[in-house]
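Taken together, the values in this text are just the output of simple stated rules run on the coordinates, not laboratory data. Note that the structure is a prediction, hence the values are computed from the model and not measured.
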């Protein structure tokens, strides 16, 4: 069985309705010019049960702990960076959605 691999540039909306979680994966629509802001476009969506989402969360947490133990990331710096990235991605996705209207 061939497993599809896809590179993504970001994570868009994450939502849970009933027992189903959806994680939107985003990609750059095109490489921005030097003076342009990159715009992330929705590319695909992961759909899973809440139980699977929680296992994913646990697994990612273990990977982050391993990266931190190796000195590759710092949770304090990562927290600040994630806050910046979330703000940027929300702005870019919103701009992209507006441009399509």
Residue span residue 79 to residue 65: 0.36 nm per residue of separation minus Cα-Cα distance leaves a gain in nm of 3.7 nm
Which three semi-axes in whole Å describe the equivalent ellipsoid of the range 1-52, each the square root of 5 times a Cα gyration tensor eigenvalue, listed largest first? 27, 15, 6
